[in-house]
1. Can you tell me the convex hull volume per residue for region 1-120, based on C-alpha atoms, in Å³ to the nearest whole number?
2. Would you kindly derive the ³J(HN,Hα) couplings of region 201-218 from the backbone phi angles with the Karplus curve 6.51 cos²θ - 1.76 cosθ + 1.60 (θ = phi - 60°), listing them in order in whole Hz, with x for Gly and Pro?
3. Between Y14, L95, G116, whose Cα lies farthest towards the positive end of the dipole of region 1-116 when Lys and Arg beta carbons carry +1 and Asp and Glu beta carbons carry -1, centred on the Cα centre?
4. Which lysines, on any chain, are close to K79 with Cα under 30 Å apart, when same-chain ones fewer than 8 places away are left out?
5. Determine the gain in length on full extension of the stretch N221-S24; use 0.36 nm per residue of separation and subtract their C-alpha separation, reporting nm with one decimal.
6. Helix-derived [θ] at 222 nm for the chain: sum -39500 (n - 2.57) over DSSP H runs of at least 4, divide by residue count, nearest 500?
7. Based on C-alpha coordinates, I'd like the Rg and Dmax of the chain, in Å.
8. About its Cα centre, what dipole magnitude does the chain give when the only charges are +1 on Lys and Arg Cβ and -1 on Asp and Glu Cβ, stated in debye to the nearest 20?
Amino acid sequence: MKIALIGDVHGNEYALEAALKAASKLNVEKYLVTGDLVGYYFSPARVLELLKPFDFVAVRGNHEDMLFQARNDSQFLQKIDDRYGPGIRIALDQLTETQVQTLCDLPHPLELSIDGVKILLCHGSPSDNSEYIYPDTEDTTFNIIDYHKFDLVVLGHTHYQMKRSVGKTLVVNPGSVGQPRNHEPGAQWCLLDTLDLSIHFFNEQYDMSPLLLECDEHAPNHSYLKKVLVREKSSKG
């Protein structure tokens, strides 16, 4: 089976649409989502609408945790606004109470078995969805996590694509659909083929101009939200 691994969409409908179109052309049958469907950008309702026709499962990211706390805590919501921009507030405004509850109730982590492949789907790490595991994270971090029970562990959160082996277990981060941080603009995701456990990384190009205008409109004091979308490897920021 061909499976798309996607994550860290962060309310970016334009990037998600590009990734889903590319995956559909490759005859993807199922989607595994590493969390953070909301936060930062401005179209969470459209993100959920785009995913609805597809066979997907998702885990809860740290921005879903923020959503959970912010919906009943105005002071916390203001802190999130100040630090990350209005993405969480916009999610609370756009989404129905049922949609918000569904996102808050997502599991973390999630064990799956697909075509005999044992998969652990996470956001940060299996034990903490706010833990950053980067491509250059020291091996000792992996050694303290019980990965050996799985053929594949899928992570998100860092917004960096990664593939590495921990013993006989393959650890993969598909990168961020909505906000890559590896200085390669686009919508990043990867393709898993359960037949041979092969992994292929993709970076779909899309028209960012509407999103950049939305950044000016909704988050004029958070220049990072624009900068991170367009920065390339030659840039220093």
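Only the coordinates and a few stated rules stand behind these numbers; no lab work does. Quick caveat, the model's predicted, so the values are computed rather than measured. Neighbour counts are summed over all protein chains in view; Cβ atoms, including those assigned to glycine, are modelled from backbone coordinates with ideal geometry.
1. On the way: hull volume 10.8 nm³, N = 120.
Taking only Cα atoms, region 1-120 has a hull volume of 90 Å³ per residue.
2. 8, 9, 9, 8, 8, 8, 6, 8, 4, x, 5, 5, 5, 5, 4, 5, 6, 9
3. The residue sitting farthest along the positive end of the dipole is Y14.
4. Partners found: K226, K227, K236.
5. On the way: separation 197, 0.36 × 197 = 70.92 nm, distance 3.67 nm.
Value of the extension gain: 67.3 nm.
6. Values: 9 runs with 79 residues, N = 237.
Calculated mean residue ellipticity at 222 nm is -9500 deg cm²/dmol.
7. That works out to 16.9, 49 Å for Rg and Dmax.
8. Numbers: 22 positive and 33 negative charges, 81 e Å.
So the magnitude is around 380 debye.
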